[in-house]
Amino acid sequence: MQLELPWERGIAPSEQPRFASSKDCQFWSIFKPRRREGDKWVDIDGPGLNDWRIATLEPKKDSDPARTAL
């Protein structure tokens with residue numbers, strides 16, 4: 001399983017194999033990217049709907065540290 005792959009040191013989070021697009025997934029046909037053209041759907045290149053999105057969260061300048069602490 002893809003999520004069982006180990007974290008690889010020295011590789012950016014967005015490049016980690018465990019977070020790669022899972023085009024071999026049995027449900028890829030449901031999640032693959034498409035675009036509507038007229039009355040039909042056309043497959044396109046790009047991330048699927050079930051792909052990971054790596055985000056960086058930072059507090060706003062006027063955030064209250066007491067409310068954002070875990």
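Read-outs throughout are calculated quantities, based only on the coordinates presented, and are distinct from any laboratory measurement. Everything quoted here is computed from the prediction, not taken from an experiment. Neighbour counts are summed over all protein chains in view; Cβ atoms, including those assigned to glycine, are modelled from backbone coordinates with ideal geometry.
Restricting to segment 27-70, name every residue that is within 14 Å of the chain's Cα centre (by Cα) and of a type in the set (Lys, Arg).
Lys32, Arg53
Output yes when any residue across segment 18-26 is under 17 Å from the mean Cα position of the chain (by Cα) and not in a loop (DSSP other than H, G, I, E, B), and no when none is.
Filtering segment 18-26 for residues under 17 Å from the mean Cα position of the chain (by Cα) gives 18-25.
Filter again for not in a loop (DSSP other than H, G, I, E, B), leaving 18-19.
Yes, segment 18-26 contains at least one residue that is under 17 Å from the mean Cα position of the chain (by Cα) and not in a loop (DSSP other than H, G, I, E, B).
So for segment 48-56 (the condition being without any contact (Cβ under 8 Å) to a residue 12 or more places away in the chain and surrounded by 11 or more Cβ atoms within 10 Å (Cβ to Cβ)), does at least one residue qualify? I'd like the intermediate steps shown before the answer.
Of all residues in segment 48-56, those without any contact (Cβ under 8 Å) to a residue 12 or more places away in the chain come to 53, 55-56.
Now narrow it down to the ones that are surrounded by 11 or more Cβ atoms within 10 Å (Cβ to Cβ): none.
No; the residues of segment 48-56 include none that is without any contact (Cβ under 8 Å) to a residue 12 or more places away in the chain and surrounded by 11 or more Cβ atoms within 10 Å (Cβ to Cβ).
Here is a list: Lys32, Lys61, Lys23. Which entry is exposed (fewer than 10 other Cβ atoms within 10 Å of the Cβ) and not β-branched (Val, Ile, Thr)? So that I can check it myself, show each step before the final result.
Numbers: Lys32 fails: exposed (fewer than 10 other Cβ atoms within 10 Å of the Cβ); Lys23 fails: exposed (fewer than 10 other Cβ atoms within 10 Å of the Cβ).
After ruling out the rest, the residue left standing is Lys61.
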